[in-house]
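A short worksheet on the structure shown next.
Please treat every number below as a calculation from the coordinates, not as lab data. For clarity, every value in this text was computed on a predicted model and none was experimentally measured. Virtual Cβ from ideal backbone geometry, glycine too; neighbours counted across all protein chains shown.
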Amino acid sequence: MPILARSSVFISYSHADERWRKLVEKHLAPLGRDHSLRVWSDQSLKPGEPWLARIKRELATAKVGIMLVSANFMASDFIHSDELPPLLLAAKKEGVTLLTVVVGHCHFANSPLSKLQAFNKPDKPLEALTLPQRNKEMARLCALLMKIFGLKPGVAKPAATKAATAKQTATPKAPKQATAAAAKPEPAAEAATKAKAIAKRKAIAKKAADAKKLATEKVAATPKKPAAKPTTTRATKKK
């Protein structure tokens, strides 16, 4: 079986702690948008998908495991039988980073996770903090993940950079297009001008034809004078 590259974040939590999962994913969302960091939880499972096989696959590709520890987390048999063992083994053999975020007061000291350095102080879980204090802890979590994954602040993913470059390149062409449009008449206007010129020429030609016809009719209507008798005849009579 091929070894899958570890490049994502796996969130392990109890469904009873849904509010804390949402909080963590909300704060990590910019890392996904700006740096393409993939954060996965079982909320990404699709209807009809083999959920256990998918969870095992995601565990095998996680570079960081975030565990939202509480009394609900500690009581979950599934977490302790199917999620924690592979994460702890990967941390030991492959250097996977495990971050225990304590969200509620619980018997953390007797947990296998107590051997790992907790992300925040177990006696000051997120539920005991004010909103500004929780946001500060989440900002610290984001900074730690950026360090683990080697992400640099202010450096967007390639797709965003490429789109921005394309936009900058296309912008200077706008004045040139506007100039060309102003210099060359639009097809409709040009056609109207030609039609007007043709109509004018036809009117002039018709006027000339009417004048010629009128002159011809005038000449035809003028009475003809009697033809003069030959001079020679008159001379003969006089003789």
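Some notes on this structure:
- Two-site label geometry, Arg33 and Thr61: point separation in nm, points 7 Å out along Cα→Cβ: 2.3 nm
- A cut-off of 5 Å between modelled amide H atoms, ignoring neighbours fewer than 5 places along the same chain, links Asn120 with Val102.
- Computed extension length for Ser81-Ser44: 11.2 nm, one decimal, from 0.36 nm per residue of separation with the Cα-Cα distance subtracted.
- Scalar couplings 3J(HN,Hα) for segment 72-81, obtained by applying the Karplus form with A = 6.51, B = -1.76, C = 1.60 to θ = phi - 60°, are 5, 4, 5, 8, 6, 5, 4, 4, 6, 9 Hz; x denotes Gly and Pro.
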